[in-house]
Amino acid sequence: MKYSHEVIVVGASLAGASLAAVLGQRGYRVALIDKAHFPRPKPCGEGLSHIGLSLLKEFGIYDRLATLPQRPYLGFALWGKGRARPTVIDVLETIGVGIQRRLLDNAILQAALQHPSVEYFPGLELRSAALVVEPEGVKIAKLQVSAPLMVLADGVHSALAPKLGFVHRSSSPRRYGMRLVWQGTSDPLERRVSVFVFDEYEVYCTPVGAGALSVAIVGGKSVMREMAHKPGQLELQELLKRRIGFSGDLAERPLGIGPLGAVSTQAWRGPVLLAGDSLESIDPLGGMGMSHAFACAKAGGCALRHMLEGGLPRAAAMAEYTHERERAMRPLRGFTRIVAKTFRHILHRPIFDVMSKVPIMATVERALDPRAPGMPTAAVRSVLELTGAW
Ligand SMILES: Cc1cc2nc3c(=O)[nH]c(=O)nc-3n(C[C@H](O)[C@H](O)[C@H](O)COP(=O)(O)OP(=O)(O)OC[C@H]3O[C@@H](n4cnc5c(N)ncnc54)[C@H](O)[C@@H]3O)c2cc1C
C-alpha cells in the first residue's frame with residue numbers, strides 16, 4: 001500500500017502538536033488535524049511543571065515560549081479549610097511556569113508547522129465515518145490522506161477512541177473542571193500556585209501574566225453550576241481578595257469540561273495509538289497533565305522512529321511506546337495520588353507540614369526505583385502501594 005503520510009495525528013493541542021514537532025524535525029510526513037482554529041482557549045489550571053518545561057527544552061521548543069507572558073512558580077501554597085495561613089510546599093526541584101494555554105498551545109503548534117513535512121488541517125472535526133481503519137493502516141478519503149499509523153491525541157473526551165474499540169475506565173466519584181481568568185490592576189504577588197481545599201472541590205490559582213490570574217476549579221457538578229453564575233463568582237472574588245490579596249474582574253467567559261479522569265485499558269490497537277488525555281487523563285490535583293502530554297510525545301516520537309527508520313515491527317514499537325510512557329507517567333501519577341490522598345486525609349495538616357520539608361517529586365522518583373534503599377523511600381513506597389501508583 002502506498003501512503004500519502006507516515007503518521008496521521010488527530011488533535012493539534014499539546015500531545016498532538018508536540019509529537020508532530022518531534023516527527024517533523026526528522027522530516028516525517030505528518031497530517032495534523034484539529035477541529036479548532038488556534039489560538040483558542042482551553043480549560044486548564046495553566047501551571048506547567050518543571051518536567052514539562054524540560055521536555056520542551058529537549059524538543060527544542062522551549063525558546064518559543066521566551067517572548068510569551070508567563071510567571072514562574074516555586075511550588076504550592078495549600079490553604080486547608082479554616083486555616084489562616086497556608087502550608088507551603090516547594091515540591092519541585094526547579095520552577096514551573098504559569099502560562100495561558102491559548103498562547104502555549106499555539107506556540108507549540110507553530111513549532112510543528114515550521115517543518116515543511118507537517119501538513120495541517122485546521123477546523124476539521126474528524127468523525128469515525130470518515131475513517132477506514134485496516135490492519136495495515138488508516139485512510140481518510142475526503143482529505144486524500146493515508147498512513148500506516150494514526151495517533152489519537154483528541155483529549156479526554158475522545159469521541160473516536162471508543163468507536164475504534166478502545167475501552168475507557170472512569171474514576172469515581174466523577175470530577176469536573178472549570179477555568180476562569182481574572183484580570184487585576186497589579187500583578188498577583190504570589191509566586192506559588194495557591195490551592196484552596198474544600199470538602200467537595202479545590203480551587204487552583206496560578207499567576208499567568210501581567211495582573212492575570214488563572215483560576216481552575218475541580219470538583220462535582222454542583223460546584224460547577226455555582227461557579228458558572230454571578231453569586232458563586234462573587235464569593236470566589238472575595239476569597240481571592242481575603243486570602244491572597246488579589247482583586248480583579250473576570251476577563252473571560254468561564255470554560256467547563258468533564259468528566260475528568262478516564263484511562264484507556266490499551267495504549268494502542270492495530271495502527272492506532274493514543275496519546276495525552278485520550279490515553280489517560282490524570283487528576284488536575286498534581287498539575288501534571290501537560291507534562292504527561294509531552295511525555296507521550298517523547299515516547300511516541302522514539303517508538304515511531306524505531307519503527308519507521310530502524311525497521312522495528314509495529315507491535316514491538318507500540319510495546320516500546322507503552323513501556324516508556326508508563327515509565328514517565330509513574331512519578332507523575334504517584335505524586336498526584338499522594339497529594340490527593342493527603343488532601344482527603346483527616347490528618348492532612350500535619351502530613352502536609354511534614355511534606356513541606358521534603359523534596360516530594362524527587363522522593364517519589366526515588367521510591368519508584370526498586371533498588372533505592374532507606375527512609376523516607378520505604379514509607380513513600382508504602383503510600384504508593386496503597387494508592388495503586390506502584
Ligand atoms: C480544570 C483543569 C485544570 C487543569 N490544570 C492543569 C495544570 O495546571 N497543569 C497541567 O499540567 N495540566 C492541567 N490540566 C490537564 C491538561 O489540561 C491536559 O492534561 C492537557 O490539555 C492534555 O492535552 P492533550 O493534547 O492530550 O488534549 P487536549 O488539550 O484536550 O487537546 C485535544 C485536542 O483535540 C482536538 N479534537 C478533539 N476531537 C477532535 C476530532 N474529532 N477531530 C479533530 N480534532 C479533535 C481538540 O480541538 C483539542 O485541540 C487541567 C485540566 C483541567 C480540566
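The values are calculated or read from the model by the stated rules, or taken from the named source; none is laboratory data. Remember, it's a predicted structure, so these values are computed and weren't measured experimentally. All Cβ positions, glycine included, derive from the backbone under ideal geometry; neighbour counts span all protein chains shown.
Is it the case that some residue within segment 153-175 is crowded, with 22+ Cβ neighbours inside 10 Å, at pLDDT 95 or above and part of a strand (DSSP E or B)?
no
Yes or no, residue by residue, for (1) part of a strand (DSSP E or B); (2) under 25 Å from M178 (Cβ atoms); (3) among the aliphatic types (A, V, I, L, M); (4) within 11 Å of the chain's Cα centre (by Cα):
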site	(1), (2), (3), (4)
P259	no, yes, no, no
I282	no, yes, yes, yes
A293	no, yes, yes, yes
G300	no, no, no, no
A303	no, no, yes, no
H306	no, no, no, no
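How many residues are more than 8 Å from the ligand (Cβ to nearest atom) and under 30 Å from P331 (Cβ atoms) if we restrict to segment 1-16?
Residues of segment 1-16 more than 8 Å from the ligand (Cβ to nearest atom): 1-9.
Retained after the next criterion (residues that are under 30 Å from P331 (Cβ atoms)): 7, 9.
Residues that pass the stated criteria total 2.
In segment 237-260, what count of residues is obtained for those that are hydrophobic (A, V, I, L, M, F, W, C) and within 14 Å of the ligand (Cβ to nearest atom)?
Adding up the residues that qualify gives 3.
Quick check on V195: is it without any contact (Cβ under 8 Å) to a residue 40 or more places away in the chain, of a type in the set (A, V, I, L, M) and in a strand (DSSP E or B)?
no
Looking at L32, L48, L56, L19, which one is within 11 Å of the ligand (Cβ to nearest atom), within 24 Å of Y204 (Cβ to Cβ) and among the aliphatic types (A, V, I, L, M)?
So the residue among L32, L48, L56, L19 that is within 11 Å of the ligand (Cβ to nearest atom), within 24 Å of Y204 (Cβ to Cβ) and among the aliphatic types (A, V, I, L, M) is L48.
On the basis of being modelled with pLDDT under 95 and touching an Asp or Glu at 6+ places or on another chain (Cβ under 6 Å), does L92 make the cut?
Judged against the criteria, L92 is not a match.
Answer yes or no as to whether V263 is within 12 Å of the ligand (Cβ to nearest atom) and part of a strand (DSSP E or B).
On the way: within 12 Å of the ligand (Cβ to nearest atom): no; part of a strand (DSSP E or B): yes.
Answer is no for this residue.
Of all the residues that make up segment 270-280, how many are part of a loop (DSSP other than H, G, I, E, B) and at negative phi?
Final tally of qualifying residues: 3.
With the structure loaded, tell me whether V354 is crowded, with 23+ Cβ neighbours inside 10 Å and of a type in the set (A, V, I, L, M, F, W, C) or whether it fails that test.
No, not satisfied.
Could you give me the residue pairs with C-beta distances under 7 Å whose first residue belongs to segment 293-312 and is among the basic types (K, R), whose second residue is assigned to a loop (DSSP other than H, G, I, E, B) wherever it lies, and which are 6+ apart or on separate chains?
Matching pairs, first to second residue: R305/R26.
Return only the number of the condition from (1) within 14 Å of the ligand (Cβ to nearest atom); (2) over 20 Å from R26 (Cβ atoms); (3) not in a loop (DSSP other than H, G, I, E, B) that V132 does not satisfy.
Failing condition for V132: (1).
Name the residues in segment 193-206 that are crowded, with 23+ Cβ neighbours inside 10 Å and over 18 Å from the mean Cα position of the chain (by Cα), would you?
Hits for segment 193-206 are S194, F196.
Which count do you get for residues in segment 228-257 that are outside any helix (DSSP H, G or I) and of a type in the set (D, E, K, R)?
Within segment 228-257, residues that are outside any helix (DSSP H, G or I) and of a type in the set (D, E, K, R) number 3.
Yes or no: S222 surrounded by fewer than 22 Cβ atoms within 10 Å (Cβ to Cβ) and not hydrophobic (A, V, I, L, M, F, W, C)?
Criteria met by S222.
Just checking: which of the strands (runs of 3 or more DSSP E) contained wholly in segment 1-118 hold 2 or more residues that are among the hydrophobic types (A, V, I, L, M, F, W, C) and touching a residue at least 60 places away in the same chain (Cβ under 8 Å)?
In segment 1-118, the matching strands (runs of 3 or more DSSP E) lie at 7-10, 30-33, 76-79, 87-89.
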